[in-house]
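Single-structure report; data block below.
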Amino acid sequence: MTALLEVRNLSARVADTQILSNLSLSLPAGEVHAIMGPNGAGKSTLSHVLTGKPGYEVTGGEARLDDQDLLALEPEARASRGVFLSFQYPVEIPGVPALTFLRTALNAQKKARGEAEVSAPDFLKLVRAKAAGLKMDFDMLKRALNVGFSGGEKKRMEILQMAVLAPRLAILDETDSGLDIDALRIVAEGVNALRAPDRSMLVITHYQRLLDYIRPDRVHVLAGGRIVASGGPELALDLEREGYDRFVDLAA
Amino acid sequence: MSLAQALLTGDPGYLPSRREEAWRWTDLRGLIRVLPPPAPAFCGDLPLASFAAPFPTEEVVIVDGQGPTGLDIPAGETRRISLRLINAAAGAGHVGRVRVSLEAGARAVLLQTHEALAGGYVGETQIDISLGDGARLERLVLADDREDAVSVTISDVRLARGAVFNDAVLTTGARRQRLETRLTHAAGESEARLLGLYRLAGRRHADLTSLIEHESPGSASDQLVKGTVDGQSRAVFQGRILVRPGADRTDARMGHHALVLSDTAEVDAKPELEIYADDVSCAHGNTVGTLDDEALFYLRQRGMSEARARAFLTEAYVSAVLDGITDQDLQTVARAWLAREAAP
Amino acid sequence: MPATSKTAAQVLELERYKHGFITDIDQDVAPRGLTEETVRFISAKKDEPDWMLAWRLEAFARWRALEEPNWARVDYPPIDYQDIHYYAAPRAGEGPKSLDEVDPELLATYAKLGIPLSEQAVLAGVEGAPRYAVDAVFDSVSVVTTFKAELAAVGVIFCPMSEAIREHGDLVRQYLGSVVPVSDNYFACLNSAVFSDGSFVYVPPGVRCPMELSTYFRINAEKSGQFERTLIIADRGSYVSYLEGCTAPMRDENQLHAAVVELVALDDAEIKYSTVQNWYPGDAEGRGGIYNFVTKRADCRGARSKVSWTQVETGSAVTWKYPSCVLRGDHSTGEFYSIAITNNRQQADTGTKMIHLGAHTRSRIISKGISAGRSSSTYRGLVSAHPKAKGARNFTQCDSLLIGPHAAAHTTPYVEARNSGAQFEHEATTTRLSEEQLFYARQRGLTQEEAVQLLVNGFVKDVLQELPMEFAVEAQKLVAISLEGSVG
Ligand SMILES: Nc1ncnc2c1ncn2[C@@H]1O[C@H](COP(=O)(O)OP(=O)(O)OP(=O)(O)O)[C@@H](O)[C@H]1O
Ligand SMILES: [Mg+2]
C-alpha cells in the first residue's frame, strides 16, 4: 500500500541556493510524523515546496499525494485536495475580516471539489463550534485576518482554519512557537481532535513539549536539506538531551 | 531658466519665477530686479577652515566660482577631502562648477563648506559627482550663507553599479537659498542615503529640492529631512522619487518632518512618488507640527527655562538626522555645527 | 509566470462594461459647435430668466480668453470644442413630469441600469430598506425626480437645476458660483456657459433630510457633451446625504463631461456626498471613453460644519477631478475618501484640496489608487493652513497598488503650513500585490483571481465603509468588474 504522502529524493533550491537535496519521506494515512532539525536545515522550505510556494525550484525527485503527482499542481489545487499548511509566520491581510477569508477559502475548496457551498448560517455555526473548542474569542474573527494579532493568536487562528477546512494532510510549521502553556495544550488538543484514519500530519517543531501532547508515530531529523535519521518517539527525547551535533556531521 | 543663465547673461528674464512648478515656493524673479556685477578676481588671504581641526585632509578651495575644476580619485584609492566654496566679493555675482569623480572601488569622505567673507552675493554652483562601480562617497555639506545672500547649489550625482552615496546637508538658509540634489541610480544595486537638516530663523529661506531617479533594478534610496522654522522664515522641501520602467526591486523611502515655531513662519512641502515599475516598495511620510506642550512642561518642571527647554527639544527633534552619518569625524563636525546653531 | 504578470495579462484581455448599451430614442439636439448663439439656445430651451442668460454669456466671454490646463498627468489628443453637441434631450422630454408621462423607453433604460424610478417600486421594496429619492438626468435634461412631494413636506427642495432657476431664483442667485467662481478654471468656466441640467438641493435649518437623495447621470447621445451643474445648500443645523452615479454607452469616440458641483454648509450643517463614477472607460486599446473633467468644491462656510466626499472612480478614459473643501468656519471638518481604479489605458489624475482658513479646522484624506494594465493613476492633493487656522489638523493616508509591470502610480501632495499650531501628517505607500499574501490565500484554496479580488477588497475597505450601505455593495461589485480582466 502506498503512503498518503510519499516524498522521493526531493531536491529544491531557492534564489540559486540548493536547500533540499535528495529528501525522502513516507507518511502513511492516519499517522502523525514529527520533523525536527537545526535552524536553517530546510524544514520550512520543505513545507513551502510541498504546498507550491512560488520562488522555489524543484530540481529533482517527486512528491505524491494519494499516489498523484503533487508538484505539478497550482497551490490552490493542492489545497482543495486537502493539503493544509499552518505557516511558521502567518501572513497579515489588512481589510479582510478573518471570517470572510475563511468562508471564501472553504467555499473555493468546495467548489473545486464539486461540492455544494456552505450557507452563511451553517458556516457560522461551524466556526463558532470550532472557535469555542479552541477557546477563541469569536469577536476576534471579525477583525482583519492576523492584523495586530499576537504571535499566539495567529497560531490559534491557523489551527482554527485547519479545523474548519478539515484537510487530509496537515503540515504544522512550528505551530507551538509563541504559544503560552495553556494555549499549547489547547492547540494540541485541537490537533489531536483532528486525528483520523484518513488524515495525516507532519508536525515541524523544535521542542519535546509539543510532542508530549501530540504523540507522533515517527520522528525524523532533517539536517542539511535531507532526512538524516528516523525513529520512534524516543528519538525526540534523545535529541532534547544530546542536540543535533551528530546529525549535522551526518548531513555534511 | 536658471540663476546661472541669468548671471551669465545679465538678463533677469532668465531668473526662475514662481510660475514654474519647480520654483513655485522659491521665487527669484520677484526678488532680483537687477543682477549684480560679476565678482572680481580674489586677492587676499583666506581664513583657515573653521572645521579643519578634527578633519585632517587635503583642501580644495573655490572662491567666487574660481578654482580647480575637478577632483578625480583613481580606482581603489581612499581620500579625505575638504571642499571649500567661498563667497568673497560683497554684492557680486558668480557661477561655478566643479567635478568630483570616484573611479571604480574608490572611497572618499568629503566635507563641503559654503563660507562667506562678505554679504549680498548672488551665486550658483554646480557640483557634478560620479561614482564608479562599487565606489563609496560620504559627504557632509555645511551651508553657511549670509542672511542677505542668494545662493543656489546643484549637486548632480550619478551612481554606477553597486556604488554607495551617503550625503548630509545642514543649512541655516539665506535670503533665498536652494540646495538641490539630482541623483541617478544608473546601473543597479546602488544605495543612496540623503539626509537634510535645516534651522531657519529671521527672514531666512531654505529650499531643499531633490530628484532621485531609479533607472535600473535593485537600488535603494533613503531620504530623511528634518528642520525647524522660526521668526518669519520659510522652509521648502520638494522631494521627488522617480522609478522608471524596469527598475524592479526598487526600495525607496522619503521622510520630511518640520516644526513650525512661530506664527509667521512657513513650511511648504511636496513629497512626490512617480512610479512606473510594479515590483517596488516605496513610501513617503511628511509631518508638520509644533513642539509638544506636555514635553515642554515636563522639562520646565525639572527646572529648565522655557527658552532652554525649547532649544533642548528642537535640537533633540532634528539631531536624529545626524545618526545617519557614518564617518566619525563628519559626525563630530556635524554635531558641533548643530550645537553652535542651537545655542540659545 | 509570476502571479502578478499573469494577472496583468488577464487585465489586458478584456474589460466588461455592463452599461454600454445605447437607448434608441427620439432626440432633440442643438447643432454642433459653440458660439454665443449656442448659449442663447440652451438658455431659451430652459426658459431661463434674463439674469441667468447674462451670467452664462459672461462666462462664455471669459472662457474664450482662458487656456485649457495642461499640468495634470494625463495625456489626450486636443478636444475640438466646435465638434460637440452642447444640448441633447429626449424629444418632448423638456422638464420633469409625473412618472406615467415619461417615455417607457427611458424608464426601461433606468430599470436596466438598476435605478429605481418608480416610487411604488421603491416603497414596495423590502421593509426597512433605505429609500432613495432620484433625479434622473438623461443627456442634457432631468427626466424625472421622485419623492418630491414627500420631501417638500419637510421643506427640502430637491429638483432639477433648470426648475430651480425658474422657481427658486433667489436661492440659486445667492449661491450659484459662490463656491466655484465662474472663471475658476477652464472646464468650470465652460460649464458655467453651457450647463444644461443637474440637481438642486436646499435643506432648511434644523432639518435632517428623511431619505438619501441621488442623481443618476446618463450620457446617451452621440457626439454630445454633458455639462451638468449641481448645487447643494445645507442650512444651519441640517443634514443631507447625496449620491451620484453615472454611466454612458460604449462609443468609439471620446465624449466630454465637464460638471460643476458646489456645496455650501452653514453653521452646524453636514453634507455627505458620494459618487460612484462609472462612465464608459474606453476599450482595451484606449479607443473611446469619457473625458471626465469635473470641478467639485464644498464651502464649509459655517462654524462646526462638515462635508465628506466619498468617491469610487472606476470609469472614464481620462479623469481630472479634485473634490475639495474650503474650511472657512471655525471647527469645521472636511473629509475625502477615494478609490480610483484604472485599467487598460485609463488615466486618472484625482485627489483633493483641504484649505484650512478657520481656527481648529480638521481634515482627513484616505486615498486608495489601483492601477492595472497600461493605465496611470495620480493622486494630487493640497493641504494648506493659513495664518488664522490655529490648531488646524490634517491626516492623509495615500496608498497605491500596482498590478502588472506596465501600470503607473503617482503621488503628488502639496503641503503648506503657515502657523505654528497646525499639525499635518501625511503617509503614502506604493507597492504591488504581495506575493506572500497571494500565496497564503491560495494555500487555503482560493484561485489566483479570487485571491487578487480578496486582497483588493481588503485594500479599499477603509473607503468602502464610508459609503452608504446600498452603494457600498454596488461599489464593491464595481471594483470587481473593473478589475475583471485581472480576475478571469
Ligand atoms: N529566499 C531565500 N534566498 C536565499 N536563501 C534562503 C531563502 N529562503 C530560505 N533560505 C535559506 O534556506 C535555508 C533553509 O531555510 P528554512 O526556512 O527552510 O529553515 P528551517 O529549517 O525552517 O529553519 P527554522 O528552524 O529557523 O525555522 C536557510 O539557510 C535560509 O537562510
Ligand atoms: Mg522554519
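Just give me the residues in segment B:210-243 being in contact with a Ser or Thr (Cβ under 7 Å, 6 or more places away or on another chain), crowded, with 20+ Cβ neighbours inside 10 Å and not in a strand (DSSP E or B), in sequence order.
B:SER219
Could you grab me the full set of residues in segment A:177-228 that are without any contact (Cβ under 8 Å) to a residue 40 or more places away in the chain, of a type in the set (Gly, Ala, Ser) and away from ligand 1 (no atom under 16 Å from the Cβ)?
A:ALA183, A:ALA188
I'd like the residue in segment A:52-71 that is part of a loop (DSSP other than H, G, I, E, B) and more than 16 Å from ligand 2 (Cβ to nearest atom) and, out of all such residues, is farthest from A:LEU202 (Cα to Cα).
Restricting to residues being part of a loop (DSSP other than H, G, I, E, B) and more than 16 Å from ligand 2 (Cβ to nearest atom), the top hit is A:PRO54.
Could you say whether any residue in segment C:66-73 is modelled with pLDDT of 85 or more and either touching a Cys at 6+ places or on another chain (Cβ under 7 Å) or more than 14 Å from chain B (Cβ to nearest Cβ) (or both)?
Yes, because at least one residue in segment C:66-73 is modelled with pLDDT of 85 or more and either touching a Cys at 6+ places or on another chain (Cβ under 7 Å) or more than 14 Å from chain B (Cβ to nearest Cβ) (or both).
Looking at (1) over 30 Å from A:ILE227 (Cα atoms); (2) within 16 Å of ligand 1 (Cβ to nearest atom); (3) of a type in the set (A, V, I, L, M), which one does A:LEU124 not meet, given that it meets all the others?
Single failed check for A:LEU124: (2).
Could you please let me know if A:MET136 is away from ligand 1 (no atom under 16 Å from the Cβ), more than 17 Å from the chain's Cα centre (by Cα) and not in a helix (DSSP H, G or I)?
yes
Those residues that are farther than 17 Å from A:VAL83 by Cα, of a type outside the set (A, V, I, L, M, F, W, C) and either away from ligand 2 (no atom under 16 Å from the Cβ) or surrounded by fewer than 16 Cβ atoms within 10 Å (Cβ to Cβ) (or both), I need them from segment A:179-205; list them, please.
A:ASP180, A:ASP182, A:ARG185, A:GLU189, A:GLY190, A:ASN192
Mind telling me which of the residues A:GLU158, A:GLU174 ends up being within 12 Å of chain C (Cβ to nearest Cβ), under 21 Å from A:LEU27 (Cβ atoms) and within 16 Å of ligand 2 (Cβ to nearest atom)?
A:GLU158
Grab the strands (runs of 3 or more DSSP E) fully contained in segment C:362-443, keeping just those with 2 or more residues being within 14 Å of chain A (Cβ to nearest Cβ) and touching a residue at least 24 places away in the same chain (Cβ under 8 Å).
Of the strands (runs of 3 or more DSSP E) lying wholly inside segment C:362-443, those with at least 2 residues that are within 14 Å of chain A (Cβ to nearest Cβ) and touching a residue at least 24 places away in the same chain (Cβ under 8 Å) span C:362-372, C:393-403, C:423-432.
Just for strands (runs of 3 or more DSSP E) wholly inside segment C:165-243: which have at least 2 residues that are in contact (Cβ under 8 Å) with a residue 40 or more places away in the chain and open to solvent by 10 Å² or more (accessible area, probe 1.4 Å)?
Per the criteria, C:212-218.
Which count do you get for residues in segment A:79-105 that are more than 16 Å from ligand 2 (Cβ to nearest atom) and open to solvent by less than 10 Å² (accessible area, probe 1.4 Å)?
So the count comes out to 10.
Yes or no, residue by residue, for (1) within 23 Å of C:GLU167 (Cβ to Cβ); (2) touching a residue at least 12 places away in the same chain (Cβ under 8 Å); (3) surrounded by 13 or more Cβ atoms within 10 Å (Cβ to Cβ):
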| site | (1), (2), (3) |
| --- | --- |
| C:VAL29 | no, yes, yes |
| C:THR35 | no, no, no |
| C:ARG40 | yes, yes, yes |
| C:GLU48 | yes, yes, yes |
| C:TRP55 | yes, yes, yes |
| C:ALA59 | yes, yes, yes |
| C:ARG64 | no, no, no |
| C:ARG73 | no, yes, yes |
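More than 16 Å from ligand 2 (Cβ to nearest atom) and in contact with a Gly (Cβ under 8 Å, 6 or more places away or on another chain): does that describe A:GLU74?
yes
Given the conditions (1) among the polar types (S, T, N, Q); (2) buried (at least 17 other Cβ atoms within 10 Å of the Cβ); (3) away from chain C (no Cβ under 14 Å), which single one is not true for A:GLN68?
All conditions are met except number (2).
Within segment A:42-51, does at least one residue satisfy the condition of being within 13 Å of ligand 1 (Cβ to nearest atom) and either part of a strand (DSSP E or B) or of a type in the set (D, E, K, R) (or both)?
Yes: segment A:42-51 contains one or more residues that are within 13 Å of ligand 1 (Cβ to nearest atom) and either part of a strand (DSSP E or B) or of a type in the set (D, E, K, R) (or both).
Count, please, the residues in segment A:20-41 that happen to be within 11 Å of ligand 2 (Cβ to nearest atom) and touching a Ser or Thr at 6+ places or on another chain (Cβ under 9 Å).
Summing the residues that are within 11 Å of ligand 2 (Cβ to nearest atom) and touching a Ser or Thr at 6+ places or on another chain (Cβ under 9 Å) in segment A:20-41 gives 1.
Among (1) under 30 Å from B:HIS256 (Cβ atoms); (2) open to solvent by 10 Å² or more (accessible area, probe 1.4 Å); (3) in contact with a strand residue (DSSP E or B) (Cβ under 9 Å, 6 or more places away or on another chain), there is one condition C:SER434 misses while meeting the rest; what is its number?
With (1) under 30 Å from B:HIS256 (Cβ atoms); (2) open to solvent by 10 Å² or more (accessible area, probe 1.4 Å); (3) in contact with a strand residue (DSSP E or B) (Cβ under 9 Å, 6 or more places away or on another chain) applied to C:SER434, the lone miss is (3).
Which condition breaks for B:ASP207 when tested against (1) in a strand (DSSP E or B); (2) free of Cβ contacts under 8 Å to residues at least 60 places away in the same chain; (3) charged (D, E, K, R)?
Going through the list (1) in a strand (DSSP E or B); (2) free of Cβ contacts under 8 Å to residues at least 60 places away in the same chain; (3) charged (D, E, K, R), B:ASP207 breaks only (2).
Yes/no matrix, rows are residues, columns are (1) modelled with pLDDT of 90 or more; (2) in contact with a Leu (Cβ under 8 Å, 6 or more places away or on another chain):
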| site | (1), (2) |
| --- | --- |
| B:CYS282 | yes, yes |
| B:ARG300 | no, no |
| B:GLU315 | no, yes |
| B:THR326 | yes, no |
| B:ALA334 | yes, yes |
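Tell me which residues, restricted to segment B:167-187, are of a type outside the set (D, E, K, R) and free of Cβ contacts under 8 Å to residues at least 40 places away in the same chain.
Answer for segment B:167-187, where residues must be of a type outside the set (D, E, K, R) and free of Cβ contacts under 8 Å to residues at least 40 places away in the same chain: B:VAL169, B:THR171, B:ALA174, B:GLN177, B:LEU179, B:THR181, B:LEU183, B:THR184, B:ALA186.
Scanning segment B:1-53 for residues that are of a type outside the set (Ser, Thr, Tyr) and touching a His at 6+ places or on another chain (Cβ under 8 Å), which turns out most open to solvent (accessible area, probe 1.4 Å)?
Result: B:PRO38.
Are there any pairs with C-beta distances below 7 angstrom linking a residue in segment A:7-19 that is open to solvent by less than 20 Å² (accessible area, probe 1.4 Å) to a residue that is within 8 Å of ligand 1 (Cβ to nearest atom), with the two at least 6 apart or on different chains, and if so which?
A:ALA12/A:ILE19; A:ALA12/A:THR45
Please list, ordered by first then second residue, the pairs with beta carbon atoms under 8 Å, 6 or more apart or interchain, first in segment A:35-64 and touching a residue at least 60 places away in the same chain (Cβ under 8 Å) and open to solvent by 50 Å² or more (accessible area, probe 1.4 Å), second more than 7 Å from ligand 1 (Cβ to nearest atom) and assigned to a loop (DSSP other than H, G, I, E, B).
A:ARG64/A:THR2; A:ARG64/A:LEU70
The values are calculated or read from the model by the stated rules, or taken from the named source; none is laboratory data. Here the structure is a predicted model, which means the values were calculated and not measured. Positions of Cβ are generated from backbone atoms using ideal geometry, with glycine treated the same way; all protein chains shown enter the neighbour counts. The protein model used for the area step is the full one, side chains on, heavy atoms only, and it has no ligands, DNA or RNA in it. Shrake-Rupley method; radii C 1.70, N 1.55, O 1.52, S 1.80 Å.
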